Each structure stands twice: as C-alpha cells, then as structure tokens.
1. From the list Leu130, Leu118, Leu90, which residue is modelled with pLDDT under 95 and surrounded by fewer than 24 Cβ atoms within 10 Å (Cβ to Cβ)?
2. When segment 250-280 is examined, which residues are found to be of a type in the set (D, E, K, R) and either surrounded by fewer than 16 Cβ atoms within 10 Å (Cβ to Cβ) or in a loop (DSSP other than H, G, I, E, B) (or both)?
3. Can you tell me which of (1) in a helix (DSSP H, G or I); (2) in contact (Cβ under 8 Å) with a residue 60 or more places away in the chain; (3) not basic (Lys, Arg) is the one Ile240 doesn't meet?
4. Tally the residues that are at pLDDT 90 or above and within 19 Å of Phe212 (Cα to Cα), restricting the search to segment 256-271.
5. For segment 299-310, indicate whether the set of residues that are out of contact with any helix residue (DSSP H, G or I) (no Cβ under 7 Å at 6 or more places or on another chain), surrounded by 13 or more Cβ atoms within 10 Å (Cβ to Cβ), in contact (Cβ under 8 Å) with a residue 60 or more places away in the chain and within 21 Å of Val206 (Cβ to Cβ) is non-empty.
6. Are any residues in segment 47-71 crowded, with 19+ Cβ neighbours inside 10 Å, in contact with a Phe, Trp or Tyr (Cβ under 9 Å, 6 or more places away or on another chain) and either farther than 19 Å from Ser177 by Cα or touching a residue at least 24 places away in the same chain (Cβ under 8 Å) (or both), and if so, which ones?
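The values are calculated or read from the model by the stated rules, or taken from the named source; none is laboratory data. Just so we're clear, the structure is a prediction, and the values are computed from it rather than from any experiment. We place every Cβ from the backbone using ideal geometry, glycine too, and count neighbours over all the protein chains shown.
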Amino acid sequence: MTKIKNPENLPEWHKNEDNSKFATKIVTASPIKMESTIVDNQTNNEILIDEFVKKILLNDRVALAKAITLVESNSENHAKKAKEILKSILPKTGNSIRVGISGIPGAGKSTLIEALGLYLISIGHKVAVLTVDPSSSVTKGSILGDKTRMEKLSREVNCFIRPSPSGGNLGGVTKKSYETILLCEAAGYDVILVETVGVGQSEISVSSMIDFFLLVTVAGTGDELQGIKRGIIEVSDGFILNKADGENKLASELAAKSLENSIKIIQDNSRIWQPKVLIASALNHIGIQEIWEMISEFVDIKKRNNEFYSKRKQQSLNWVFSTTENELKRRFYNNPEVKILISKIRKQIENDEILPIEAVEILLKNLFKN
C-alpha cells in the first residue's frame, strides 16, 4: 500500500516568516481531526492513498481539498502522490457537464455563478465551482476571496468552491485546472463551473477543458464587445448580457440584438450549434433557468452528433501534451545542475559577459546533453 508521508503535516511550500508586512495576516488554523485511515499521528502522520481515494469518492470535502492541494503543488514529492491519486480516480471521472465562464470586468461573473449554482442545486445537481483568482505579484497567492463573493452558495451542502491563484498563468485558468475538474467529478459533482480570471486573447485555453463556454458582458458600455478579443468570441458557445434589470433592461435587449449580429459575422455559421445571446439579472435571479436550458440544449445536440465525446477525447490528448510540457519545465528547473548554471548565467548577464541568446544556448545544451 502506497503512503504519503508528511511528518509535520505542513505543505512543502510553508515558510516560517513574519507575516506582519502583508496586508492580510496569515492565521494558522487549528488542525482538523480525521480518521486514522487518512491521518494518524501515531504512524508519523501517514496518509494511505487507497483510503484517501475512497474518501474522495465518498465526497469527503477535506480529502478532496487536500488532493487538489497536492495536484497544485510544485513539489516533486507531491507530484508523485498526485499522479497516483489521479490514476486511481480516473475511471470515476467524465460524468459531469463542464462550463467555463468568463467576462469583462464588472459584468457580475461571480454573482451569476452563485445564482446559477443555487438554481442547479435546487433542481438536484451537485455543483463544484472552480474559481481562478489573479495572483499577487508579490506572494503569488490569490488576491480575491471567492467564498466571500459567493456567500450563499458556499453554505450549500451540495456545493464545493475551490479558489486557486492563477500563479501568473495566462490561460485564464491554473496549470492544474483540468486535474482539479477530474477530482471534483470523482467526488460526485455533476456540474463543474470554471470561472476564469478575465477576458483576453489567451483566455481561450479554458475551452480545452470544458464542454460549454459562456461569455458574460453588460449593456451600457457603448460597445458590448468592448474589451473582448475576437479569439474568445470565436470559441464562445453562449453570451449573457447581465444586469438586465430596471432602466438597463431595454438597453440590454437592444444590445443583445446588436451582439447577435456581430456574432454571426465573427463565428462560423456552418457549426451545428449557433451561439445564443440571453439577457439576465443574476442579482434578481432573472434568466438563470434559461441559461441552464441553453447549456442543456447544447449538450444534447453535441451528444447526438457525437461531437461532445470527440471533444472530450481531444481534451484528454491536450492534457497529455500540456502535462508533458509542464513536467519537462518543472524537472528542468528543479535539476540541481541547472540551478547552479542559472545562477552563473545570471551573474554573467548582469556583468554583460554574455548575450541573452548565448545564455539560451547554454541552457539548451544542458537540457539535451544526455
């Protein structure tokens, strides 16, 4: 039986530093008591992986959160354990509808996600919300707190909210978002909502791991496509004009017509699914049911044409290549010889002893020398 050892029960990225200089003080929580099959202080805090996996499959939230932490960690030790867990839960994955949600700043994405999540739970679904926060340039941690932005939803038994820092990743998602989706599916969540950082050309990478991509905007900006890149419009399967209430309702209806015309020009009209533009007021829970009906219709059409399953297979293939790239990068920079070489190159660059292109060649030679 494979075991995870962590003598001090601390994450490997833990630093014993004075946190008084940070705007938000770091508070150490009291240890959570768990069954001996997962954590046993008498056996050196060992975690039994097969028992750990059973807990995930039984929707133990603590076990699920710990597994996601292992997956997101850059530690060599954690990476090995995460692979074993993912391999074990893989047969229990794939039974969900994965929805990516992005939008312009101020469009009310979090409010919309909370309203949609509450509606889905009310009709019998189990919802996992994976939110990707922009990362602090100083601490690399999350700037926003999604559980405080989705207070009602976070209290629901059938909802699991996991905020993760983007870590500077440009895809609008974290490097481990796909693996996190799989873990949530194994835990029994049948709808996965993935909120991305914001709108940008590179945000389209989220489409490589979800089934339906929803873009949220708002009327009254003068141009409802303002701030939205063409690339993200091309991959979007549905559009929501949020905050369509009060005096803004009429403006939202007019903007929806204008947006529909723009989409027809930008997107390929030969696709079996033509994106819809809906208006909604997440704050007042208006139009939320229609959003889910649109997503459900999309999934039904895609499944009938077998595009749903072929896309899932392509996503698995994309995962293989992206994971390989990340693993190569991690192993390269964690190599002791490379660390010494980089330190030497840094000094040479600072002293104008070598050109940047020469430094690149030195590093690549080290990579391929074996």
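1. From the options Leu130, Leu118, Leu90, the qualifying one is Leu90.
2. Across segment 250-280, the qualifying residues are Glu253, Lys257, Glu260, Lys264, Asp268, Arg271.
3. (1)
4. So the count comes out to 0.
5. no
6. Ala63, Leu64, Ala67
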